[in-house]
Structures are given as structure tokens and as C-alpha cells.
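Structure first, then comments.
Laboratory data are not the source of any read-out in this text; all were calculated from the coordinates shown. Fair warning: this is a prediction, and the values are worked out from it, not measured in the lab. Here the Cβ is made from the backbone with ideal geometry for all residues, glycine too, and neighbour counts use every protein chain on show.
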Amino acid sequence: MSIKKLDDGQWLVDCRPEGRNGPRVRQKVQSKNEAMHVERRLMGDGANGTFEKKAKRDDRRLSALIDLWFKSHGCTLKRGEERQRALVSMAERMGDPRAADFSTTHFTQYRADRLAGKYGRDSAGSGRKKGEQAKPVSANTLNHELAYLRAVFNELERLGEWKGDNPLSKVRALKFDETEMAYLSVEQIPPLLADLDARSVAAGLVARICLATGARWSEAEGLAARQVRGDCQIFVCGP
């Protein structure tokens, strides 16, 4: 690297910011002080023997980040596998973009498609009949999906596996009116249980546990055999 005065009175900065094998940068300025400033800006800590290198482009796919998140953190969550499946499904629907290209646009477009019914609930127990068009998902479901994907970048950043900003940090959750809760009348319970039994034996059993204990559906669904003692169910609070 060098700074030298030219015959026309200008000063030339000639250096290689990325080291001997890196690209050569040459820039003309009007004064020696300006030349020294340019050299320091280009070289960074080059005077100490280290050179400022440009950050490498992150060519990993979104699905690869999700896989890394699951292996390093998600697998420890109570419903980590379920969340991983949801995240992978989201990545596939967004075209599994490269991490460096992923932006708010990918998610907001995906969210708009979901609200329009493009990707509805198609899992078992969704209530859809064969050939029936998928119904749009709720705003609450999409807010959960936003939180799940945002958490992937936050956790990877904490672990030092993600160097950029969180691309979803400025995406706002959707506003919606809370659904008013209602109680079943005594007359409504038998037909409800009959309908659930016709759809799935497991669904009918879970519903009966909820009615008998006041448990949430997810709590009753997650009961293990060891938590059942005679006529009692033992619920354990998670962390």
C-alpha cells in the first residue's frame, strides 16, 4: 500500500484492503490528509497486520436455518418437532429462499396468500371433507407462524450462527377480535361427542377428558399413560 503525490498535484492511494491476494484499489484525492483518511478507511486495521474482509454471502436456504435451529435449540422444546414441521412447511410454501435473500416481502406475501385461502388447514382433524376447498386460516394462526419464524433468527443470532439482522423484526402481528368463549349446554354434549367419535376415536376420548377435568385440548391430547392412575389424570406443568 502506498500514498504518493502525482505530477498534477493530486494524491494517489494505492492499496489492497483484503491482503496481498485481494483486489487492488486505487483512488485519487486532492490532499495528503484526505489520502491518509481514505487509506485508513479502506484498510481498517491493516496497519496491525489484519485486513478488513467483506462478509461472505450466506447461501444457506431457509430450510437449512430451520434444521440448524431445531438441532441446536428446537429439539429441547416440548413441542419442538411439531413446530419444526410447521416451519418447514412455511419455508416450502415461500419457495425456500436463500438466507441472504429472505426478506419481509417473502413472509408478507405468504401471509396474504394464507389469508386468501391459498394454503388452508389440510391436516387430519381439520374438518375438511374430501374435495372441499381449504378455508383461510385465522389471523391468530398467522401471528403464531410469525413468532415461530422470528424466533429462529433470534436464537441463531444468539448462538452466533446468524450474522445479519432479523429480517422479520419489523413485521407487525395482525390485529383481530378475540373469539368470545361459550359453554356447552347439557343438551349439546351428546351430539358433539357422537360427531367426534364418528371422526376419530382419539378425538372423542380427548373431548371426554377435557369435559371431565377442564383441561385444554392440547393438555389432554398430550397425556401419557404414566399420568393416568385409576380414575385420575395427573397434569404436570411445563417450564
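A few points about this structure:
- Residue-wise HN-Hα coupling along segment 163-168, computed from phi with Karplus coefficients 6.51, -1.76, 1.60 (Hz; x: Gly, Pro): 9, x, 6, 6, x, 10
- Stretched out straight at 0.36 nm per residue, the stretch from Arg216 to Ala173 would grow longer than its current Cα-Cα span by 13.0 nm.
- Amide H contacts for Val25 (H built 1.01 Å from N in the peptide plane; partners 5 or more residues away or on another chain; cut-off under 5 Å): Cys15, Arg16.
- Cross-link pairs Lys71/Lys170; Lys118/Lys175; Lys56/Lys170; Lys118/Lys170; Lys78/Lys170 - those with Cα-Cα distance over 32 Å: none
- Over all projection directions, the Cα-based convex hull of segment 2-48 averages an area of 3.1 nm².
- With the convex hull drawn around the C-alpha atoms of segment 189-233, the volume per residue stands at 74 Å³.
- Extending 7 Å from Cα along the Cβ direction at Gln30 and again at Leu159 yields two label points whose distance is 5.3 nm.
- Near Leu223, no amide H atom lies under 5 Å from its own; only residues 5 or more places off or on other chains count, and H is placed 1.01 Å from N.
- Kirkwood hydrodynamic radius over Cα pairs of segment 61-113, then Stokes diffusion coefficient at 20 °C and 1.002 mPa s, in µm²/s: 187
- Amide H contacts of Tyr119 (H built 1.01 Å from N, under 5 Å, at least 5 apart or other chain): Arg114
- Phi angles across segment 23-30 convert, under the Karplus curve 6.51 cos²θ - 1.76 cosθ + 1.60 with θ = phi - 60°, into 3J(HN,Hα) values of x, 8, 10, 10, 9, 9, 9, 8 Hz, Gly and Pro given as x.
- Each residue of segment 84-89 was assigned a 3J(HN,Hα) from its phi angle through the Karplus curve 6.51 cos²θ - 1.76 cosθ + 1.60 (θ = phi - 60°); the sequence is 4, 4, 5, 5, 5, 4 Hz, with glycine and proline shown as x.
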